[in-house]
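To start, the structure under review is shown below, and the notes come after it.
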Amino acid sequence: MAVVAALSEVVDRDPTDLKPLHDYLDADALDELVRVRGATDGDVSVTVTRAEYVITVHSYGTVSVAPLPHDRSDDSSEDVVHE
């Protein structure tokens, strides 16, 4: 799943080393909520927090993972986006 791939890239760990997705997220429900929609249907996004990261999944097919904002004055972190 794209969420696992994006998170494993950000934390620089093999996907099999991560806690299973289903331990903290209902992947089937997420897929149903953000299934790819037609351009006229608009975007639906779901954002969850996992450990120190904010994960956002969009119905237009992207997943972004970013560190939780601990200090808003620090703009040095970059989001990782998967399409």
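Please treat every number below as a calculation from the coordinates, not as lab data. Predicted model only: the values in this text are computed from it and were never measured.
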Length gain on complete extension for the stretch Asp12 to Glu52, per 0.36 nm per residue less the alpha carbon to alpha carbon distance?
13.0 nm
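What is the extension gain from Ser45 to Lys19, computed as 0.36 nm multiplied by their sequence separation minus the C-alpha to C-alpha distance, in nm to one decimal? Don't skip to the end; give the middle numbers.
Details: separation 26, 0.36 × 26 = 9.36 nm, distance 2.28 nm.
Computed gain between Ser45 and Lys19 is 7.1 nm.
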Can you work out the Karplus-derived ³J(HN,Hα) for every residue in segment 45-61? Use 6.51 cos²θ - 1.76 cosθ + 1.60 with θ = phi - 60°, whole Hz, and x for glycine or proline.
10, 10, 10, 10, 10, 9, 6, 9, 10, 9, 10, 10, 10, 10, 6, 8, x
